[in-house]
1. Go through region 48-85 and give me each residue that's aromatic (Phe, Trp, Tyr) and at pLDDT 90 or above.
2. Filter region 78-92 down to the residues that are exposed (fewer than 15 other Cβ atoms within 10 Å of the Cβ) and either charged (D, E, K, R) or assigned to a loop (DSSP other than H, G, I, E, B) (or both) and list them by number.
3. How many residues are surrounded by 14 or more Cβ atoms within 10 Å (Cβ to Cβ) and in a helix (DSSP H, G or I) if we restrict to region 99-115?
4. Just one of (1) surrounded by 12 or more Cβ atoms within 10 Å (Cβ to Cβ); (2) in a strand (DSSP E or B) trips up residue 95, so point out which.
5. State whether the residues of region 93-105 include one that is under 30 Å from residue 8 (Cα atoms) and modelled with pLDDT of 95 or more.
6. Return the pair list, or none, for Cβ contacts closer than 7 Å from residues in region 106-123 that are in the same structural domain as residue 65 (by TED's automatic domain parsing) to residues that are among the basic types (Lys, Arg) and in a helix (DSSP H, G or I), at least 6 apart or on different chains.
7. Give me the pairs, please: first residue somewhere in region 9-21 and part of a helix (DSSP H, G or I), second residue anywhere and exposed (fewer than 14 other Cβ atoms within 10 Å of the Cβ) and of a type in the set (Val, Ile, Thr), beta-carbon distance under 7 Å, and either six or more positions apart or on two chains.
Amino acid sequence: MDELDRAIINSLQGGFPICEQPYAEVAGSLGISEDSLIERIKSLLERGVLSRFGPMYHAEQMGGALSLAAMKVAPEDYERVTTIVNGHPEVAHNYERNHALNMWFVLATESPAAQREAITKIEQETGYPVFNMPKIREYFVELKLTV
């Protein structure tokens, strides 16, 4: 990363403007062109410096469902199950943990019914039960990492 990459990341952690040309507004504050900003963000994502760039939605407020799910997968079957689970568009943030429940992932769906359907499909396709842990309460922790 160079100084401009650092400035972009530090700037974007403070929020993204809601306006007609948000990239142009951010680019202007950094003294670069809109195209340059967009290319830099693409490069940061492609190189894995950023894992994602986009809005955070409150799925439940839009009628959707969001929850944490876990599975207990046999180590020798982990790769197969990971491929199946990650193949579902409703699945994000899949992590392996050193725990009896060794696969954890986030399920985000357009409705609670769609969440139940996704869980059922994953169970049928993998042969393992999915432990659904829906959010009961939300806490906001503003974490900004200066680079």
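1. 78, the sole residue that qualifies.
2. Across region 78-92, the qualifying residues are 79, 80, 87, 89.
3. 3
4. (1)
5. There is at least one residue in region 93-105 that is under 30 Å from residue 8 (Cα atoms) and modelled with pLDDT of 95 or more.
6. Filtered contacts from region 106-123: no entries.
7. Pairs that qualify, where the first residue is part of a helix (DSSP H, G or I) and the partner is exposed (fewer than 14 other Cβ atoms within 10 Å of the Cβ) and of a type in the set (Val, Ile, Thr), are 9/147; 10/146; 10/147.
To keep it simple, each residue is scored yes or no on (1) over 18 Å from the mean Cα position of the chain (by Cα); (2) assigned to a helix (DSSP H, G or I); (3) among the polar types (S, T, N, Q); (4) surrounded by 14 or more Cβ atoms within 10 Å (Cβ to Cβ).
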| position | (1), (2), (3), (4) |
| --- | --- |
| 117 | yes, yes, no, no |
| 123 | yes, yes, no, no |
| 133 | no, no, no, no |
| 137 | yes, no, no, no |
| 147 | yes, no, no, no |
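The values are calculated or read from the model by the stated rules, or taken from the named source; none is laboratory data. It should be emphasised that the depicted structure is a prediction, and the values quoted were computed from it without experimental measurement. For neighbour counting, all protein chains shown are included, and Cβ atoms are generated from backbone atoms with ideal geometry for every residue, glycine included.
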